[in-house]
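Chemist: The structure is given below, and queries will be raised subsequently.
The values are calculated or read from the model by the stated rules, or taken from the named source; none is laboratory data. What you are looking at is a predicted structure, and each value in this text was computed from that prediction instead of being measured. Note: ideal-geometry Cβ built from the backbone for every residue, glycine included; neighbour counts use all protein chains shown. Only protein heavy atoms, including side chains, enter the accessible area calculation; ligands, DNA and RNA are left aside. Shrake-Rupley method; radii C 1.70, N 1.55, O 1.52, S 1.80 Å.
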Amino acid sequence: SVPAASETTDLSHLINKLLAAGHADHKYVEFDFLINGQFLRMPLVTHMEMENISTEEVVEIEYVEKYMAPQPEECIFHDDWISSVQATEEWILTGCYDQTARIWSLEGKSIMTIAGHTEVVKDVAWVKQDSLSCLLLSASMDQTVLLWEWNVEKNKVKALHCCRGHAGSVDSIAVDCTRTKFCSGSWDKMLKIWSAVPTDEEDEMEEAANRPRKKQKTEQLGLTRTPLATLSGHTEAVSSVLWSDTEEICSASWDHTIKLWDAETGDLKSTLTGNKVFNSVSYSPLCRRLASGSTDRHIRLWDPRSKDGSLVLLSLTSHTGWVTSVKWSPTHEHQLISGSLDNIVKLWDTRSCKAPLYDLAAHEDKVLCVDWTEAGLLLSGGADNKLYCYRYPATASDVGA
Amino acid sequence: SFFTTSPRHPGVHLLETVSPALTPLPSAPLQDIRNTVGNIPMEWYQDFPHIGYNLEGKKIYKPIRNKDELDMFLEKMENPDYWRTVQDKMTGADIKLTDEQVDLVHRLQKGQFGDVHFNPYEPAVDFFTHEVMIHPVTNRPADKRSFIPSLIEKEKVSKLVHAIKMGWIKPRKPKDDTPTYYDLWAHEDPNSILGRHKMHVPAPKMKLPGHEESYNPPPEYLLSEEEKLAWEQQEPAERKLNFVPQQYRCLRAVPAYSRFIHERFERCLDLYLCPRQRKMRVNVDPEDLIPKLPKPRDLQPFPTTQALVYRGHTSLVRCLSISPSGQWLVSGSDDCTVRFWEVCTARCMKTLPVGGVVKSVAWNPNPTICLVAICVDQSVLLVNPCLGDKLLYGATDQLLESYVAPEEERVQPVQWVTATMEEHSKGVRLVVQHSKAVKQVTWHGKGDYFASVVSDNSNMQVLIHQTSKRWSQNPFRKSKGLVQCVLFHPIRPYFFVATQRYVRVYNLLKQELTKKLMTNCKWVSSMAIHPGGDNIICGSYDSKLAWFDLDLSTRPYQLLRHHKKALRSVAFHKHYPLFASGSDDGTVIVCHGMVYNDLLQNPLLVPVKVLKGHAMTLDLGVLDVLFHPTQPWVFSSGADGTIRLYT
């Protein structure tokens, strides 16, 4: 038995003493404690009161090594607002409001500036990475998605395809897990599926004759590509798309819904209805949950497989502005980060839904995008033209009690 | 018990004795003419010649009556026995009564017994005495049955017992001794006479005279000189006493009271004016008089918190407009620029310097046209912002370029000028040059026509322009006052013109005034129409917001006084039942304004949220409010140079 008033630090000391007794070479480790899957964030007795656990019962307290705070690594300066970011093990790709996409090394060195769009770049995505050449995508407000080939050795970039067909700004793109297709969501309420495989043939545009001037422009940028399929069903702009499975697309929209689509047939599988505009959605294959950021302060977790449509599993509330971007951890099933208009990036653990694990308050303006790489790098870009990188050594090993 | 015997009545005996003496006449033994018809009414034989039958069965003929009236009279006069002659009805013969018979008749007439020898007063003999004797009349012993219980009674009792046991006979209820009272006044009408008695208010009583009134009051009641002086200086109504106590030697020395008539009159006046009925005061809780409004929580969604601030303007932002899709926002400012913003990120996408204070901007409501009208100084600029769908804004440019000038030049109140190359590169396509400064521009719902308001006192204040034909016209011949703002009806061909105090509704097809709305405000500042088209709201500089139901009345359905300072702008949401007002006090008030399809149900107006955020600059707060076309979001532009989005 432990004193009821003890807090995490007291419990941590207790565990350390016990461990030191067992192993002579034990070093002091700070622990975090879980009671029935909820983090202990206050004295034990108040937590038990909050959770309605009787003091008569035997309570199992699980202890895990305390997650270390993310360590700031780099601050990469851009010329304009950063609309999107996606990083791999070696490079960071950012989309910028100065109509370019940029490739950076992890050390914050500018490697490449990809210019070609005539409007703001809204989203970027890696398609394929080789040691020699990489394929990447950039979506823009000029209603096109460009497929680029980046020759790493020569450090040259070439526009292979210009994906035309949207009638509004393309706000979000997502590449499927086979790396041969991608999906784009646009302000024109449509989702379109495109092939991500570079070819030498140009798709015929239906109304090419009507717009000779426009066509001229696109010829410089690469071969025109038309969509494989169009998914329509949203009644407002689509703000975010992702592949939740090999053949399943999830899209979040301003019409207060998240829709799940069958990419093969183009059918609508199910609809999750919220009551606010969705800005961003993220899916974790580890815990099979969707996290959504909307135009209120909450991050909501959804079960995409629930058929009744509108079941919010959990709300994470700590932001004070719109949540513009959410991203699940690729390695940890409980953790996600979120960026908000209140200039703060928050690191969450779903086991402590009342308060985030860490607040990353480095931005001086709106946070527009966040990313989390498998190597444990947290990235966030915003309207202060800065991209912040944090190293987050997530301890994946849970120590049981 | 005793019996008395009365003497036998002798009448029967009399008849028995007399009637045989009557019937047999002296000639009877010779000729027995007894009639055998029996006891029948003799009238039956009236019409026959005979009168019956004798013992031998022969008819008895009626005696021949040949005497006339004169004979009858003569006989009556001459016959001394006429008075004792009677007719026998059975035989029709005349019979002369004997003296004995006459005597008998006389006695019977006198009420005497017929028998002369009968003594009605014979002494009575008592067979049984009325006194109770000590010895019985008979010496018979008592019956045995009087000593043994009666079997009949036993049977009766057993029947009763059985009936009681079977419950056929209920035992008697115990008698309730409590007396019953009746409330005579329970259902009494309070207006009845008795009710009025209850409400009786007695007449005010006069104060009884005290020591002061005495002719010889104790000295402490007499006024001293100073008190008397003070009494005289007081107003008559303020005086504690309406007389000065005075001392007289004796009662006889008291003079006549000079104010007597006066005081009697006042007393009568008191009685006359005294209320004789208690006023029925209605006991109403003031809380009950407030209409029951639903809670704002139940009326969601509506904007509650500030989400984004659009920074960039360096001076007050006068006007706002939003693209029909809700992706772009345009704002006009006193820093002589028009800025285009991306709504969801507050990114300024374009800045258009226009070289003058921007008074009004209006995005074309037609979703297939990408055009913004901007009021700068004396001109209206039609700007293609080149935002959104490329096809769309390309088509808009083509539409504007496809204009072919008509052959004959028409006289127009304004000049349509195509933009120069330099202006064209900035997005300006057409310039509509007015003669005076333009202060407002608004589009018709179809997006071809727009109206502009010119600061002028003449009839040239309102102009309607057609973009596709580059044609302007002046719809009004006369000026009806200083026009503040104009508005097109969203569905029907109506046109709203707000002057300082009235809103006039014109039918554009019939070209006539349809309605004139009295705003009850001193100076209308702004106006907005419900998307249904039947309700409009007017904001005024005297901090009132008037809601008009056009079907209901020309007076405001409700006047809302929520703001502390002048209202600058009002707006309706396109889909949600929301309207908002921006004021000089720096706040935006969002109200729920539900309009029902049911004509009988009045609109429901509930203020739901006060949105603050704008800093006060130059005593100005919010200058324009605007709703997002699809989301329950409201924009406000302020004198502090910012635009704020509340969600």
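Chemist: Give the number of residues within segment A:133-172 that are in a strand (DSSP E or B) and either of a type in the set (S, T, N, Q) or within 14 Å of chain B (Cβ to nearest Cβ) (or both). Don't jump to the end; show me each part of the working.
Modeler: At the first step, the residues of segment A:133-172 found to be in a strand (DSSP E or B) are A:133-140, A:144-151, A:156-164, A:170-172.
Checking which are either of a type in the set (S, T, N, Q) or within 14 Å of chain B (Cβ to nearest Cβ) (or both) leaves us with A:133, A:138, A:140, A:144, A:151, A:162, A:164, A:170-172.
The qualifying residues number 10.
Chemist: Now a separate question. Among the residues of segment A:25-38, write down those that are within 15 Å of residue A:355 (Cα to Cα), open to solvent by 10 Å² or more (accessible area, probe 1.4 Å) and aromatic (Phe, Trp, Tyr).
Modeler: Within segment A:25-38, none qualify.
Chemist: Is it the case that residue B:84 is surrounded by 12 or more Cβ atoms within 10 Å (Cβ to Cβ) and not aliphatic (A, V, I, L, M)?
Modeler: So residue B:84 fits the description; yes.
Chemist: Still on this structure: Does residue B:595 qualify as being of a type in the set (A, V, I, L, M, F, W, C), touching a Pro at 6+ places or on another chain (Cβ under 8 Å), surrounded by fewer than 21 Cβ atoms within 10 Å (Cβ to Cβ) and over 24 Å from residue B:542 (Cβ atoms)?
Modeler: Numbers: of a type in the set (A, V, I, L, M, F, W, C): yes; touching a Pro at 6+ places or on another chain (Cβ under 8 Å): yes; surrounded by fewer than 21 Cβ atoms within 10 Å (Cβ to Cβ): yes; over 24 Å from residue B:542 (Cβ atoms): yes.
Here the answer is yes, as residue B:595 does meet what is asked.
Chemist: Quick check on my filter: what residues within segment A:92-109 are touching a residue at least 24 places away in the same chain (Cβ under 8 Å) and either away from chain B (no Cβ under 14 Å) or in a loop (DSSP other than H, G, I, E, B) (or both)? Lay out the reasoning, then the answer.
Modeler: The initial filter retains those residues of segment A:92-109 that are touching a residue at least 24 places away in the same chain (Cβ under 8 Å), namely A:92-97, A:99, A:101-104, A:106-108.
Across segment A:92-109, the qualifying residues are A:92, A:93, A:94, A:97, A:99, A:101, A:102, A:103, A:104, A:106, A:107, A:108.
Chemist: Would you list the strands (runs of 3 or more DSSP E) that sit entirely within segment B:573-647 and hold 2 or more residues that are in contact with a Cys (Cβ under 9 Å, 6 or more places away or on another chain) and away from chain A (no Cβ under 14 Å)?
Modeler: B:578-583, B:604-612, B:622-627
Chemist: Sticking with this one: Among (1) touching a strand residue (DSSP E or B) at 6+ places or on another chain (Cβ under 9 Å); (2) part of a helix (DSSP H, G or I), which single condition is residue B:92 missing?
Modeler: Unmet condition: (2).
Chemist: State the number of residues belonging to segment B:291-335 that are within 13 Å of chain A (Cβ to nearest Cβ), under 54 Å from the mean Cα position of the chain (by Cα) and among the hydroxyl-bearing types (Ser, Thr, Tyr).
Modeler: 4
Chemist: Return only the number of the condition from (1) among the basic types (Lys, Arg); (2) over 29 Å from residue A:164 (Cβ atoms); (3) open to solvent by less than 30 Å² (accessible area, probe 1.4 Å) that residue B:359 does not satisfy.
Modeler: (3)
Chemist: Looking only at residues that are among the polar types (S, T, N, Q) and under 60 Å from the mean Cα position of the chain (by Cα) in segment B:215-250, which one is most open to solvent (accessible area, probe 1.4 Å)? Break it down stepwise before answering.
Modeler: Filtering segment B:215-250 for residues among the polar types (S, T, N, Q) gives B:216, B:224, B:233-234, B:242, B:246-247.
So of that shortlist, the ones also under 60 Å from the mean Cα position of the chain (by Cα) come out as B:233-234, B:242.
On the way: B:233: 148, B:234: 75, B:242: 72 Å².
Ranking the qualifying residues of segment B:215-250, first place goes to B:233.
Chemist: Return the residues of segment A:178-223 that are open to solvent by less than 80 Å² (accessible area, probe 1.4 Å), in a loop (DSSP other than H, G, I, E, B), within 14 Å of chain B (Cβ to nearest Cβ) and modelled with pLDDT of 75 or more; say none if nothing qualifies.
Modeler: Passing the criteria: A:187, A:188.
Chemist: Return the residues of segment B:299-337 that are within 19 Å of residue B:357 (Cβ to Cβ) and assigned to a loop (DSSP other than H, G, I, E, B); say none if nothing qualifies.
Modeler: B:312, B:313, B:314, B:315, B:316, B:334, B:335, B:336
Chemist: Pick from segment A:228-267 the residues that are within 14 Å of chain B (Cβ to nearest Cβ) and charged (D, E, K, R): which of them is surrounded by the most Cβ atoms within 10 Å (Cβ to Cβ)?
Modeler: Initial filter on segment A:228-267 (within 14 Å of chain B (Cβ to nearest Cβ)): A:234-240, A:252-257.
When the remaining residues are screened for being charged (D, E, K, R), the result is A:236, A:255.
Details: A:236: 18, A:255: 21.
Looking at the filtered set, the residue picked out is A:255.
Chemist: Counting just the residues of segment A:111-132 that are over 12 Å from residue A:93 (Cβ atoms) and open to solvent by 50 Å² or more (accessible area, probe 1.4 Å), which one comes out nearest to the other protein chains (Cβ to nearest Cβ)?
Modeler: Applying the first criterion (over 12 Å from residue A:93 (Cβ atoms)) to segment A:111-132 yields A:115-120, A:122, A:128, A:130-132.
Filter once more, keeping what is open to solvent by 50 Å² or more (accessible area, probe 1.4 Å): A:115, A:118, A:128, A:130-132.
Details: A:115: 18, A:118: 9, A:128: 29, A:130: 34, A:131: 36, A:132: 35 Å.
The extreme case among them is A:118.
Chemist: If you don't mind, there's one more thing I want to ask. Here is a list of conditions, (1) away from every other protein chain (no Cβ under 14 Å); (2) within 23 Å of residue A:235 (Cα to Cα); (3) β-branched (Val, Ile, Thr), and residue A:175 meets all of them except one; can you say which number that is?
Modeler: (2)
Chemist: While we're on this one: Condition test on residue B:605, is it open to solvent by 10 Å² or more (accessible area, probe 1.4 Å), modelled with pLDDT under 85 and either in contact with a Phe, Trp or Tyr (Cβ under 9 Å, 6 or more places away or on another chain) or of a type in the set (Val, Ile, Thr) (or both)?
Modeler: Numbers: open to solvent by 10 Å² or more (accessible area, probe 1.4 Å): yes; modelled with pLDDT under 85: yes; either in contact with a Phe, Trp or Tyr (Cβ under 9 Å, 6 or more places away or on another chain) or of a type in the set (Val, Ile, Thr) (or both): yes.
Considered against the rule, which asks whether it is open to solvent by 10 Å² or more (accessible area, probe 1.4 Å), modelled with pLDDT under 85 and either in contact with a Phe, Trp or Tyr (Cβ under 9 Å, 6 or more places away or on another chain) or of a type in the set (Val, Ile, Thr) (or both), residue B:605 comes out as yes.
Chemist: Here's another thing I want to ask about it. Does residue B:397 satisfy the condition of being open to solvent by 30 Å² or more (accessible area, probe 1.4 Å) and either out of contact with any Cys (no Cβ under 7 Å at 6 or more places or on another chain) or within 14 Å of chain A (Cβ to nearest Cβ) (or both)? Full working, then the answer.
Modeler: On the way: open to solvent by 30 Å² or more (accessible area, probe 1.4 Å): no; either out of contact with any Cys (no Cβ under 7 Å at 6 or more places or on another chain) or within 14 Å of chain A (Cβ to nearest Cβ) (or both): yes.
Taking the combined requirement at face value, the residue does not satisfy it.
Chemist: Also, I was wondering about something else. Return the residues of segment A:313-351 that are among the small types (Gly, Ala, Ser) and touching a Leu at 6+ places or on another chain (Cβ under 9 Å); say none if nothing qualifies.
Modeler: As a first pass, look at segment A:313-351 and keep what is among the small types (Gly, Ala, Ser): A:315, A:318, A:321, A:325, A:329, A:338-340.
Of everything in segment A:313-351, those that are among the small types (Gly, Ala, Ser) and touching a Leu at 6+ places or on another chain (Cβ under 9 Å) turn out to be A:315, A:321, A:325, A:329, A:338, A:339.
Chemist: I'd like the residue in segment B:102-141 that is open to solvent by 100 Å² or more (accessible area, probe 1.4 Å) and aromatic (Phe, Trp, Tyr) and, out of all such residues, is nearest to residue B:85 (Cα to Cα).
Modeler: B:121
Chemist: Do we have any residue at all in segment B:548-555 that's free of Cβ contacts under 8 Å to residues at least 60 places away in the same chain and buried (at least 24 other Cβ atoms within 10 Å of the Cβ)? Steps first, please.
Modeler: Going through segment B:548-555, the residues free of Cβ contacts under 8 Å to residues at least 60 places away in the same chain turn out to be B:548-555.
In the following step, the residues that additionally are buried (at least 24 other Cβ atoms within 10 Å of the Cβ) were identified as B:548.
Scanning segment B:548-555, I find at least one residue that is free of Cβ contacts under 8 Å to residues at least 60 places away in the same chain and buried (at least 24 other Cβ atoms within 10 Å of the Cβ), so the answer is yes.
Chemist: Tell me, yes or no, whether segment B:510-533 has at least one residue that is open to solvent by 50 Å² or more (accessible area, probe 1.4 Å), touching an Asp or Glu at 6+ places or on another chain (Cβ under 8 Å), free of Cβ contacts under 8 Å to residues at least 40 places away in the same chain and among the basic types (Lys, Arg).
Modeler: yes
Chemist: Then there's this: Name every residue in segment A:301-341 that is farther than 22 Å from residue A:377 by Cα, in contact with a His (Cβ under 9 Å, 6 or more places away or on another chain) and within 14 Å of chain B (Cβ to nearest Cβ), in order of residue number.
Modeler: Listed by number, the list holds a single entry, A:317.
Chemist: Just checking, how many residues over segment B:356-387 are within 14 Å of chain A (Cβ to nearest Cβ) and out of contact with any Gly (no Cβ under 7 Å at 6 or more places or on another chain)?
Modeler: Filtering segment B:356-387 for residues within 14 Å of chain A (Cβ to nearest Cβ) gives B:367-368, B:370, B:385-387.
Then drop every residue that is not out of contact with any Gly (no Cβ under 7 Å at 6 or more places or on another chain), which leaves B:367-368, B:387.
Total meeting the criteria: 3.
Chemist: If I go through segment A:314-326 residue by residue, how many of them are buried (at least 24 other Cβ atoms within 10 Å of the Cβ) and in a strand (DSSP E or B)?
Modeler: First, the residues of segment A:314-326 that are buried (at least 24 other Cβ atoms within 10 Å of the Cβ): A:316, A:319, A:322-326.
From what's left, in a strand (DSSP E or B): A:316, A:323-326.
So the count comes out to 5.
Chemist: Identify, please: which residue in segment A:268-286 is farther than 25 Å from residue A:366 by Cβ and open to solvent by 30 Å² or more (accessible area, probe 1.4 Å) and is, among those, farthest from the other protein chains (Cβ to nearest Cβ)?
Modeler: A:286
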